[in-house]
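One structure is given below, encoded as structure tokens.
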């Protein structure tokens, strides 16, 4: 296996890095005292999973009778193939550990440092030498900064000559500016964390949050970076991962728009690699309806890129688009439905090619997480995995894990999966991908 690939993970959520064994070990002293109904966790989990989970009984059985009690705990936590295609189920399983994780942070710095150390030590033992961890926190402003500082300082202390850890702060999609302001204030108050805190991320649910919403943020970020180059922050961006709220054309466009805003790396981009015929088969009438506002944005995009799209074989009737645009402006809060035809599906494939070409020219990087994409994306099998299309393109690409604990995987097993399900050899895959460390955020600064 190529060591340069299996040693560097650029898309890694810290709270998703704990395995079922960690869930049991960290939860063992506190599971009876936890408020499992806090934030409606238990009711939400049981509704999503159509089950009747009793966390106290689950932990007790796993501790008292490990041989028979641990497998049900693991099944309640690991997002497996049987959960495929349901992002809500993924989030509730993720929150099972997050419930324990949150309580650990409430206990104070010592417990928080211990948990972070436990996750990082996993990755050291697995052979990683470079990792960029994403971890979002909560609380009033001062508490939020304190928790981000603890995370950054702990990752810095865990770095050594053989392992480097860096920290990326996720921003809430619904209102990113307050958290961003606290990140900047932390860097001002504690400038030493700038070596470790290198980036920002837009993560979690993307549906309902088009990239255009964040143009003011990116403009402010650029101003702040120019003013404080020693505290430069780059942006990574989850996009094209879950996109049932829009057409396939719009899903591909969002990937392009996120890069145009200034995101250096894009997480997942399933929308650019999953064949359109497979995408629409995942649900009845999938992707046929979208908000009129999305259709208007797509029309504007098609008019802007009419010539290169035509070159690839996409029909662009500018007069018809302008007439549709004028009609839709009268019903901007409505939905529009447009069923797919075989020709339209073929044109979506060409649109995917166009966006991949654009990303390659911009040197934007796609973070492909094979198991995560397979399960969250609802891809029917390995043959139809988006990685095939991504590898065949010229786009910069790296293989990552996303949430290795929740998926019960390692970076090494993800590389093995790629080698097993494609025609690449270890040597040809290493040649196609190159050294992923060149895509580390500090190496992409101001690019």
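Where a number appears in this text, it was derived from the coordinates with a stated rule and is not lab data. In this text, all values refer to a predicted model and were calculated from it rather than measured experimentally. Here the Cβ positions follow ideal geometry from the backbone for every residue, glycine too, while neighbour counts run over all protein chains shown.
Cα-Cα pairs above 14 Å in region 289-337: how many percent?
On the way: 593 of 1176 pairs.
Summing the P(r) tail past 14 Å for region 289-337 gives 50 percent.
Computed over region 125-231, the Cα gyration tensor eigenvalues convert (square root of 5λ each) into semi-axes of 24, 17, 14 Å, ordered from largest to smallest. Placing a pseudo-label 7 Å from each Cα along the Cα-to-Cβ vector at residue 121 and residue 35 gives an inter-label distance of 3.1 nm. A Förster radius of 41 Å, combined with the Cβ-Cβ distance separating residue 225 from residue 319, puts the computed FRET efficiency at roughly 0.45.
Region 180-330 gives an Rg/Rh value of 1.05, both radii derived from C-alpha positions and Rh following Kirkwood. For the chain, the C-alpha radius of gyration divided by 2.2 N^0.38 Å, with N the number of residues, is 0.99. Between residue 328 and residue 303, the distance separating the two model label sites (each 7 Å from Cα on the Cα→Cβ line) works out to 1.1 nm. Taking the helices alone, the chain has a mean residue ellipticity at 222 nm of -16000 deg cm²/dmol, built from -39,500 (n - 2.57) per DSSP H run of at least 4 residues and averaged over all its residues.
Ranked by the mean number of other Cβ atoms within 10 Å of their residues, highest first, the peptides 320-328, 409-417 come out as 409-417, 320-328. Sorting the segments 348-355, 234-241, 112-119 by their mean number of nearby beta carbons within 10 angstrom, highest to lowest, gives 234-241, 348-355, 112-119.
Diagonalise the Cα gyration tensor of region 324-447 and give the resulting equivalent ellipsoid semi-axes, square root of 5 times each eigenvalue, largest first, whole Å. Present the calculation step by step, with values, prior to reporting the outcome.
Values: eigenvalues 202, 75, 52 Å².
Taking √(5λ) for each Cα gyration eigenvalue gives 32, 19, 16 Å.
Computed over the alpha-carbon pairs of region 8-92, the distance histogram in 10 Å steps reads 15, 46, 33, 6 percent, short to long. Normalised by 2.2 N^0.38 Å, where N counts its residues, the alpha-carbon radius of gyration of region 17-170 equals 1.09.
For region 305-425, the relative contact order comes to 22 percent (Cα pairs under 8 Å, sequence separation of at least 6). Could I have the simple spin-label model distance between residue 296 and residue 21, label points 7 Å from Cα toward Cβ, reported in nm to one decimal? It is 5.5 nm.
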